Structures are given as structure tokens and as C-alpha cells.
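Written below as C-alpha cells is the structure these notes are about.
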Amino acid sequence: MDYDKVFDEAIGALKDEGRYRVFIDIERQRGSFPRAVHHASETQGKRTITVWCSNDYLGMGQHPVVTTAMHEAIEAVGAGSGGTRNISGTTHFHVELERELADLHGKEAALLFTSGYVSNDATLSTLQNILPGVIVYSDELNHASMIEGIKRGRGRCRIFRHNDLAHLEELLAADDPEAPKLIAFESVYSMDGDIAPIGPICDLAEKYGALTYLDEVHAVGMYGPRGAGVAERDGVMHRVDILEGTLAKAFGVMGGYIAASARIVDCVRSYAPGFIFSTSLSPVLTAGALASVRYLKQSSEERDLLHAKAAKLKTMLKAAKLPVMDSSVSHMVPVLVGDAVQCKAVADELLFEYGIYVQPINYPTVPRGTERLRFTPSPTHSDEKLAELVSALDRCWRRLKIRRAA
């Protein structure tokens, strides 16, 4: 076999479809988020750009509370954790952060992972091994990490239409009432910006004897009085059995976690290969995340400003007749393009002509024909930056002749 030819054809197919992913070379500027320096090429040199697609939603990765904690930690204990949690990789920072996260979500215990992807994958696959014959009910728009975890568990899976309570109940009612059941869903769906009906899903779980697994990665830090997520905001956090979150978005650092009963957490800790055999998070990262969680528990200023900025940007986009998708219930700002090639063309023009950085969102992240740009305004995006973005988008839409909103 000509292996090189096969690999070249695989990459060529992505390029032909317009969905080959290009990573740009940037350096964020500490203290001036969302500014960054773009290293375009050796011939083009570098220039300042504005980042519009960071998941550091609140800018906490730049916050002095976080960076100071990380500096102090590296001076105190060094860089690495030293191993897996089971051998030598548990530090006091890990213990403190798990306690803080359990308290944040009103649960008995929490468990840290190296990323949100790993926490979903490891937990959902392990739960299926622990619960013989379990049936998993998964929202059709669940994140790839949830889908992968469910697949790796090799249990029975039912996929219900997105946020469709009637369809979910139809599936639950059709199965053996004695079989163990797990409903897996998200709070904020990051590509469309809509929110799950958490309370009614918990009603169905109680009616049919199911556990609930809620991914709050795009909500922790940004919703609720203490930033525990949409479930806290809606007053239903105590009804969710397992909450999963990330430390890499609103908290601005890195890592993932689950929070649940001490019994569930102990089972996952004891059985999940993705936890057992992974080197633990660096104590430097853990210290930064700990400082961020503690800070956002008592400060709502950042999340209030985030939601105000997102709402303002949506209003401005609608006024310019740019096709912002209906995401009024969340902080997400997705703008529909509907074609992979055009989506990449807009992103390139924004970057090279206007110094605006946003990544195109293409298949398989979203269905073909729904390609989009997803903007993530933060508290530090000024009103002037909002106006610059809308003006640049308007010009791109005109030049590329992309369909406008009605």
C-alpha cells in the first residue's frame, strides 16, 4: 500500500470541502485580553489582533487573582504533579480544589480530571461498566466527549431529539421499568446557544427511575448566584445526580471534573481508566483553578458584564441584518454562514484584513449546511470592539455576497 498517498488523499478531501482546519500562531498579551499578537508568517511578520473565539469567557486566565496563585504555587512546589493520583500525583491543591467544587455544586464529593473531554469520556463509559444493563438516554446534540464515552461503555443507548421531552419520555416508557437508566444531557449547548429544560428532565428521571448526568461546561462560572451553572440558576442543582464541568472555560485554566455523591465519585475514582492511568493536573494549574473558583463564587460582576456584552452584540448584529442565530437565552453568539468554503473565507478576511480572529465552525462539529462563526464576547471586549466587529462582518457579507437575515 502507498501509505503516503492514502494520508494525502484524506487531507485533500478535507481541503476540497473547505473544512481543513488551520491553527493560527498567536500570543495572548497578559493584562490586555482580548488582544493578542498574530505571528502571520516570516515574511508578513506579526501584528496585534482581537480574539473573538476564546472559551476563556470571563478573562479569568488573565486575572491577577489567578496568575498570582499560579506564580506562588510554582515557587512553593515546582512545576509537575509527579505522577498519577494513585501513585504520587495527589497534592494538597488537588484535595482543596475537589472540596471547593463539591461545595460549589452542593454535592458530597468531586473528582478532578485532566480535561472536560476526559471527565465525560471516563465517567460515562465507567458508569456503564458499573451499572449492568444500564440504558443511556442521550440528547442528539451532546458533545463529542459524551458520545465517545457512551460508545466506549458499550451499553444500550437511546438518542432523543434535542430538548424534546415528549420523545425522551416515549423512549423511557418503552423500556423495561426495572432496567437501570441514565439520562445524559448538557445545560448550554455551545453551537446553537440554547439551554436544556433541566427541571422537566429531572421530573422524567424521577418518574422512570433514572439517574441524571448534566454537562455544565459552558455554564459553570457564568450562571447562578455563585457561578455553579444553569442548574443552580434554575434552583434544580440538588435534583441532578452527576454534574460535570470544566476549569478551562469560565475559570480560565485547565482541567475537568465531576461532582456527585461520595459513593458515585468513589466508584468512578476506583474504576475509570481515564482517571487511574493519567498523570494528574500540575499543582500550578490546580492552584490557579482553585483561586478562580473561589473568586467567582463571590463575584458576579464578570458574569453580569459578560451577559450584557453578549446581548448587546446580538442586538447590533440583528440591526445590521446579519444572520445571528437565535441564542437569546445564553451568552453564545453564533452567526450562520451555511457553507464551509464561505465560512473559511469570512474567517480569513476578518483575520487578515481587519485583525479579528474567529475560527470557522464546520462539519462534524455542526451539520453540513449549518456552518457558522461563533463569537464569544467577554467582559473585556469594549463597545468599540463590538462596533468594529459588526462593521467588518457587514463588509465581508457584502463582498462575499452571503445571504442576509430576513
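The values are calculated or read from the model by the stated rules, or taken from the named source; none is laboratory data. Since the model is a prediction, treat every value here as computed from it, not as a measurement. Note that each Cβ is placed from the backbone with ideal geometry, even for glycine, and that neighbours are counted across all protein chains shown. Heavy atoms of the whole protein, side chains included, go into the accessibility calculation; ligands, DNA and RNA do not. Shrake-Rupley method; radii C 1.70, N 1.55, O 1.52, S 1.80 Å.
Data overview
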| quantity | calculated |
| --- | --- |
| Positions within segment 252-268 being surrounded by 17 or more Cβ atoms within 10 Å (Cβ to Cβ) and not in a strand (DSSP E or B), in sequence order | 252, 253, 254, 255, 264, 265, 267, 268 |
| Single condition residue 99 does not satisfy, out of (1) open to solvent by 20 Å² or more (accessible area, probe 1.4 Å); (2) in contact (Cβ under 8 Å) with a residue 60 or more places away in the chain; (3) closer than 23 Å to residue 226 by Cβ | (2) |
| Answer from 387, 405 - the residue that is at pLDDT 95 or above and open to solvent by 20 Å² or more (accessible area, probe 1.4 Å) | 387 |
| Residues that are touching a strand residue (DSSP E or B) at 6+ places or on another chain (Cβ under 8 Å), open to solvent by 10 Å² or more (accessible area, probe 1.4 Å) and not polar (S, T, N, Q), drawn from segment 114-132 | 116, 117, 118, 127, 131 |
| Test for residue 385: is it without any contact (Cβ under 8 Å) to a residue 24 or more places away in the chain, within 25 Å of residue 59 (Cα to Cα) and not aliphatic (A, V, I, L, M) | no |
| Selected residue (only one of 83, 61, 45 is modelled with pLDDT of 95 or more, more than 30 Å from residue 214 (Cβ to Cβ) and open to solvent by less than 60 Å² (accessible area, probe 1.4 Å)) | 83 |
| Residue count, segment 229-251 (criterion: open to solvent by 20 Å² or more (accessible area, probe 1.4 Å) and under 12 Å from the mean Cα position of the chain (by Cα)) | 2 |
| Selected residue (criterion: farthest from residue 357 (Cα to Cα)) from residues of segment 24-42 that are hydrophobic (A, V, I, L, M, F, W, C) and open to solvent by 30 Å² or more (accessible area, probe 1.4 Å) | 40 |
| Check on residue 31, in contact (Cβ under 8 Å) with a residue 24 or more places away in the chain and either part of a loop (DSSP other than H, G, I, E, B) or over 27 Å from residue 219 (Cβ atoms) (or both) | yes |
| Criterion: in a helix (DSSP H, G or I), at pLDDT 95 or above, hydrophobic (A, V, I, L, M, F, W, C) and over 28 Å from residue 302 (Cα atoms) - qualifying residue of 341, 346 | 346 |
| Wholly enclosed strands (runs of 3 or more DSSP E) of segment 134-187 bearing at least 1 residues open to solvent by 10 Å² or more (accessible area, probe 1.4 Å) and over 24 Å from residue 256 (Cβ atoms) | 156-160 |
| Residue within segment 359-382 that is at pLDDT below 95, more than 20 Å from the chain's Cα centre (by Cα) and within 27 Å of residue 21 (Cα to Cα) present | yes |
| Total residues in segment 312-337, condition open to solvent by less than 30 Å² (accessible area, probe 1.4 Å), farther than 11 Å from residue 397 by Cα and in a loop (DSSP other than H, G, I, E, B) | 4 |
| Residue check for residue 309: basic (Lys, Arg), outside any helix (DSSP H, G or I), open to solvent by 20 Å² or more (accessible area, probe 1.4 Å) and touching a helix residue (DSSP H, G or I) at 6+ places or on another chain (Cβ under 9 Å) | no |
